[in-house]
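Values quoted throughout were computed directly from the atomic coordinates according to the rules given, and no laboratory measurement underlies them. Remember, predicted model here, so these are calculated numbers, not experimental data. With ideal geometry, Cβ positions are generated from the backbone for all residues, glycine too; neighbour counts draw on all protein chains shown.
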Amino acid sequence: MNWLFAHDNRFLEAEDGQVYSEVAFSYSNWERYVAHVDQLTVIARVEPLGDLDTKFLNLSSGENVAFEGMPNPYGIRAFTPFPRGYETVLAAVEKADGVIARLPSEIGYMAVKAARKTKTPYCIEVVGDAYNAMATYGDWKGKLYAPFAERKMKRSVRESQHTLYITDRHLQERYPTKAHSVSCSNVELPKLAMETIERRQERNAKPAEKLIIGMNGSLSSPYKGFETAFQALASIQSDLPPFEFRILGRGSKEDWLETIEQLGLTEHVVFSGTLPHHGVYEWLDDIDIFLMPSKTEGQGRALIEALSRGCSCLGSNVGGIPELITKEQLHEPNDIAGLAGKIVKLGTNQGKRRRYARLAFERAAAFQSGRLQEIRQQFFQDFKNTIHNKRNEEL
């Protein structure tokens, strides 16, 4: 049996045929699907690796996983019934026994359309808000396309017979389905080790010589809220102990250097580049306060990972973030003064950081892989049964 996984992620192919990803999608991600099939084909954007150092990337290729490249699906044709690359997606769907469309994504929408046309069973993973992702993209084209993207996604999800949401409530309310659905985060955490908890408690028990504040997100994503974080920190430099603001993520730091200099933050900001998944956890262990001032989020993978390391977290009141942290840890998106005030209270109060660390570990427990694997295993087994039943009806 062959399943097709459709998404817009950009993968990087080396000359030796190995395929990498800058964000998530290590081979372990595919194991949840490969456990049910003989072959998984990933249809997505695939570009040459070039001179990037693979030690900072996630190895995505592996046994029983193949990749099929797509042209960039964005552009004026995304507004039309037959967007760029649809014929490629249709041909891939025709060769598959089942389709997994991860939405929002243009390739995912095309895969759902092709699956309906060919009567191929499909399921949908809802991992974000199509409207907000485009409306906060940063230019007028994203804002113009946002209602079209929202309509595509609502139509796709509404008629889906098998839908997996990564949130408990938020995305279910925004993009409801008529049929079977489950709630299951796509973030799987390893079992929380006692040494991780003890190390965090020790760190919070003594005054910090330097307060380490962190963010994890693509520097090229306008919805991550970097400008809000920079302006908030610039406004409270004299109210904080010595601090460092570390940023983990892909993208060009040059786009932000002028802003940082103008705000007087040059000596405080450190760009950490990208790290493989295990390296992210090590990076988080040195973070005292983790920020997610996003303008939109599906669930907030980076926030969940930060919670799992006991970081004291602050985030905006958007998407699935309010499902992860308490009301007092939230601020409105773009609220510079609100975020600044919370950073000061947290940065100057060890007791509050200890309390937030305890809350973080308690919340992260819900995302340990064993519990989530059971939910996901049953979901995809039900989907597989649907495929078998369809085959039997056709005999």
Cα convex hull of region 347-386: how many Å³ per residue?
61
Compute the distance from the alpha-carbon center of region 229-264 to that of region 99-154, in whole Å.
33
I need the shape label for the chain. Rule: rounded when a/c is under 1.5, else prolate if a/b > b/c, else oblate, with a, b, c from the alpha carbon gyration tensor.
prolate
Nearest 10 degrees, 0 to 90: helix 350-364 Cα axis against the chain principal axis
10
Can you tell me the FRET efficiency between ASN317 and GLU195 if r is taken as the Cβ-Cβ distance and R0 is 41 Å, rounded to the nearest 0.05?
0.75
Relative contact order (percent) for the chain, with alpha-carbon contacts under 8 angstrom and 6 or more residues of separation?
15
Residues with amide H under 5 Å of ILE166's amide H, sequence separation 5 or more or different chain, H placed in the peptide plane at 1.01 Å from N; which?
VAL126, CYS184
Excluding residues on the same chain fewer than 8 positions from LYS342, give the aspartates and glutamates whose Cα lies under 18 Å from its Cα.
GLU227, ASP239, GLU244, ASP288, GLU328, GLU332
Output the direction-averaged projected area (hull surface divided by four) of the convex hull of the alpha-carbon atoms of region 194-366, in nm².
8.9
Give the separation of the Cα centroids, region 160-182 to region 8-76, in Å.
26
Between the Cα axis of helix 106-118 and the main Cα principal axis of the chain, the angle (0 to 90°, nearest 10) is 20
Cα-based helix-to-principal-axis angle, 369-394 vs the chain, degrees rounded to 10
10
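Could you list TYR175, TYR165, TYR281 in order of exposure, starting from the residue whose Cβ has the fewest other Cβ atoms within 10 Å?
On the way: TYR175 25, TYR165 28, TYR281 16.
Ascending Cβ contact count within 10 Å gives the list TYR281, TYR175, TYR165.
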Long-range amide H contacts for ARG45: which residues qualify at under 5 Å (H placed 1.01 Å from N, peptide plane, sequence gap of 5 or more or a different chain)?
ASN9, PHE11, MET70
So, R0 is 30 Å and r is the distance between the beta-carbons of ALA35 and ALA14; what FRET efficiency does that work out to, to 0.05?
0.70
Can you figure out the FRET efficiency of VAL270 with GLN378, using R₀ = 30 Å and their beta-carbon distance, to the nearest 0.05?
0.10
Evaluate the charge dipole of the chain about its Cα centre and quote only its size in Debye, nearest 20, assuming +1 on the Cβ of each Lys and Arg and -1 on the Cβ of each Asp and Glu.
1440
Which pairs in the list LYS113/LYS152; LYS113/LYS141; LYS55/LYS224 are over 19 Å apart, alpha-carbon to alpha-carbon?
LYS113/LYS141; LYS55/LYS224
